[in-house]
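Encoded as structure tokens, the structure appears first; notes follow it.
The values are calculated or read from the model by the stated rules, or taken from the named source; none is laboratory data. Everything numeric here is computed off the predicted structure, so don't read it as measured data. Heads up, the Cβs are rebuilt from the backbone with ideal geometry, glycines too, and the neighbour counts pull from every protein chain shown.
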Amino acid sequence: MAIVLSEDKVFIRDMKLADQLRQRGFGEQKSRELVLDLFEALYLLEREKIGIEDAKTAKNMDAEEFIKHGAKKIKSFYTKFQVFTDLRERGFVVKTGFKFGFDFRVYPRGKKPGEAHSQWCVNVTTQGDKFTFTELSRMVRLSGNLKTKLLNAVVDSENEVNYYEVNRVTP
């Protein structure tokens, strides 16, 4: 099969499909394959744009199996996936932001990595989550260092996503 899950990445070797997905802002090109993160892969799997084979079992995965796999790899995977989906449905290209200290990086509408700088760094929480002013201050400073704005995405009890932009104000 041309689309394989291995640990926390999904590899697409079908160059035609890879090119179509890359044009829509999905994945990252690595030599002769397109590499999707778990959020991108689940999004495409749920929309029946791709099928995914587990490299360990050589069996096709359905969305439920994939969500269970993602939950083992990423804390609060499904909550974060809800935010990923909401942003994609609003027309944004969304990439993981783990190495920057955030859940996601979001690019301006109609732009992809390489065409524009990230517009927002997104921190995902649920309505019951708490964090300190020290943690909030760290996030604001970090997003400022990355020349982006901080969005806190809060998933409420009805699974609606509410966004709060947090800025540092200096008098």
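Points to keep in mind about this one:
- Across segment 124-171, the qualifying residues are those that are among the polar types (S, T, N, Q) and buried (at least 17 other Cβ atoms within 10 Å of the Cβ), and the one among them that is nearest to Gly101 (Cα to Cα) is Ser143.
- Within segment 47-59, the set of residues being more than 19 Å from Thr85 (Cα to Cα) and surrounded by fewer than 13 Cβ atoms within 10 Å (Cβ to Cβ) comprises Lys56, Thr57, Ala58, Lys59.
- The sole residue among Thr85, Thr57, Thr79 that is out of contact with any strand residue (DSSP E or B) (no Cβ under 8 Å at 6 or more places or on another chain), β-branched (Val, Ile, Thr) and more than 20 Å from Phe11 (Cβ to Cβ) is Thr85.
- When residues of segment 120-171 are limited to those that are charged (D, E, K, R) and more than 18 Å from Phe81 (Cβ to Cβ), the one farthest from the chain's Cα centre (by Cα): Arg168
- Of the set (1) in a loop (DSSP other than H, G, I, E, B); (2) buried (at least 17 other Cβ atoms within 10 Å of the Cβ); (3) free of Cβ contacts under 8 Å to residues at least 40 places away in the same chain, all apply to Cys121 but (1).
- Residue count for segment 112-143, restricted to those that are of a type in the set (Ser, Thr, Tyr) and touching a Lys or Arg at 6+ places or on another chain (Cβ under 7 Å): 2
- Qualifying residue in segment 56-77 (condition: in a loop (DSSP other than H, G, I, E, B) and touching a residue at least 60 places away in the same chain (Cβ under 8 Å)): yes
- For segment 29-46, a residue qualifies if it is assigned to a strand (DSSP E or B), of a type outside the set (Lys, Arg) and loosely packed, with under 13 Cβ neighbours inside 10 Å, and exactly one does: Gln29.
- Filter pass, Phe81 being outside the structural domain of Leu44 (by TED's automatic domain parsing), touching a helix residue (DSSP H, G or I) at 6+ places or on another chain (Cβ under 8 Å), touching a residue at least 24 places away in the same chain (Cβ under 8 Å) and over 23 Å from Ala63 (Cα atoms): no
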